[in-house]
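Pasting a structure here, questions to come.
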Amino acid sequence: MQIFITGGSGYIGRSTIQALTGHGIGVRALARSEHAARIVSDLGATPVAGALTDTDVLREAARGADGVIHLGADNSEGAADVDRAAAEALQDGVGSGPYVHTGGVWVYGDTDGVVDEDAPLSPPRITAWRGENEKRVLARAATGEHPVVVMPGLVYGRSGGLTQAFFVEPGRTAGAVPCIGDGSNHWALVHVDDIAELYVLALNAPAGSVYAGAGGQNLPLSDITRALSHAAGCPGSIETLTLDESVRRMGPIAEAFALDQQFSGARARRELGWTPTRIDALAELAQG
């Protein structure tokens, strides 16, 4: 089997390439720079020169693959349009082969306790565009194509991810880790290696499936920030911020961090046999 992946040099992409090659699957990976090409090559993938906006490159690479995993992300103001065009090109290329698209649980907004993939959507500003793109991706199941959407929770592990960028590093600078509100809201955490395994399994999922990639670690932000304060080198030092203060510091992503979310991840366990093994998030976050 040969898989084409976008975002392979990124945080989740690196673990996903390792998971694919660990299962004996060949990987070709989009690489927009020589640096990215070296990263994916070192992981055992064959680089394909191009960017997410190079739709002809995406279409041709997908046409030569048995399946596609789309992890690449564009952070410009035109992110929605770039993602939509890239998804269309990749799906056009792979045809009836499996196409695994990346969403995210933030589109659900606050959840009422522990929920699954059928919960109503109420996204914060930063992910409001995702719902329409995911609908378009999944609609192709009706025409004989094979789309699957994986919606990761808040990914941590391997000293990376959003927690490192927005909480640990600022904590090192300020001598205190920021906490939005009283910390009673929950984050649905998943380890980067576990979400990578879910991407591999999703290649064999039924067409039109949606999976919340959350490992059942639904933890209060107060516990998480305490753990992160150890990683930042300021154990127990927490700075409480209002949401408005957080948005001024972090940008609109703070609205997503302030969500109260809990997910079961049961569907992926039941249908795909997904078995997260990294389930002590607080200990790992504390180690940095």
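Taking the options Arg59, Arg63, Arg84, name whichever one is among the basic types (Lys, Arg) and either within 30 Å of Ala256 (Cα to Cα) or modelled with pLDDT under 95 (or both).
Working: Arg59 fails: either within 30 Å of Ala256 (Cα to Cα) or modelled with pLDDT under 95 (or both); Arg63 fails: either within 30 Å of Ala256 (Cα to Cα) or modelled with pLDDT under 95 (or both).
Every option except Arg84 fails the conditions.
While we're looking at this one, here's another question. Taking the condition of being assigned to a helix (DSSP H, G or I), in contact with an Asp or Glu (Cβ under 9 Å, 6 or more places away or on another chain) and not aliphatic (A, V, I, L, M), how many residues in the stretch 83-105 meet it?
4
Are any of the residues in the stretch 212-232 outside any helix (DSSP H, G or I), farther than 16 Å from Val100 by Cβ and polar (S, T, N, Q)? So that I can check it myself, show each step before the final result.
Applying the first criterion (outside any helix (DSSP H, G or I)) to the stretch 212-232 yields 212-220, 232.
Filter again for farther than 16 Å from Val100 by Cβ, leaving 214-220, 232.
Still in the running and polar (S, T, N, Q): 217-218.
Yes; the residues of the stretch 212-232 include at least one that is outside any helix (DSSP H, G or I), farther than 16 Å from Val100 by Cβ and polar (S, T, N, Q).
I would also like to ask the following. Look at the stretch 205-246 and say how many of its residues are surrounded by 17 or more Cβ atoms within 10 Å (Cβ to Cβ), within 30 Å of Thr143 (Cα to Cα) and not aliphatic (A, V, I, L, M).
3
Hey, another quick one. Quick check on my filter: what residues within the stretch 147-167 are part of a helix (DSSP H, G or I) and surrounded by fewer than 21 Cβ atoms within 10 Å (Cβ to Cβ)? Quick ask: steps written out before the conclusion?
Our first condition is that a residue be part of a helix (DSSP H, G or I); within the stretch 147-167, this holds for 162-167.
Listed by number, the residues that qualify are Leu162, Gln164, Ala165, Phe166.
Run Ser96 past the list (1) under 30 Å from Pro252 (Cα atoms); (2) surrounded by fewer than 17 Cβ atoms within 10 Å (Cβ to Cβ) and report the number of the one that doesn't hold.
(1)
Between residues in the stretch 74-98 that are assigned by TED's automatic domain parsing to the domain that holds Ser209 and residues that are buried (at least 16 other Cβ atoms within 10 Å of the Cβ) and of a type in the set (Gly, Ala, Ser), which pairs lie under 6 Å by C-beta distance while being six or more apart or on different chains?
Here the result reads Leu90/Ala62; Gly93/Ala62; Val94/Ala62; Gly97/Gly67; Pro98/Gly67, each pair linking the stretch 74-98 to a residue that is buried (at least 16 other Cβ atoms within 10 Å of the Cβ) and of a type in the set (Gly, Ala, Ser).
Here's another thing I want to ask about it. Within the stretch 237-247, can one find any residue that is part of a helix (DSSP H, G or I) and in contact (Cβ under 8 Å) with a residue 24 or more places away in the chain? Outline the logic, then answer.
Here is the first cut: in the stretch 237-247, the ones part of a helix (DSSP H, G or I) are 243-247.
Right, trim to in contact (Cβ under 8 Å) with a residue 24 or more places away in the chain and you get 243, 246.
Within the stretch 237-247, one or more residues are part of a helix (DSSP H, G or I) and in contact (Cβ under 8 Å) with a residue 24 or more places away in the chain.
Determine the pairs where a residue that is assigned to a strand (DSSP E or B), located within the stretch 27-40, has a partner that is of a type in the set (A, V, I, L, M, F, W, C) and surrounded by fewer than 20 Cβ atoms within 10 Å (Cβ to Cβ) with Cβ atoms under 7 Å apart, the partner being 6 or more residues away or on another chain.
Ala31/Ala49
The values are calculated or read from the model by the stated rules, or taken from the named source; none is laboratory data. These figures come from a predicted structure and were not determined experimentally. Quick reminder, even Gly has a Cβ in these numbers, built from the backbone with ideal geometry, and neighbours come from all protein chains shown.
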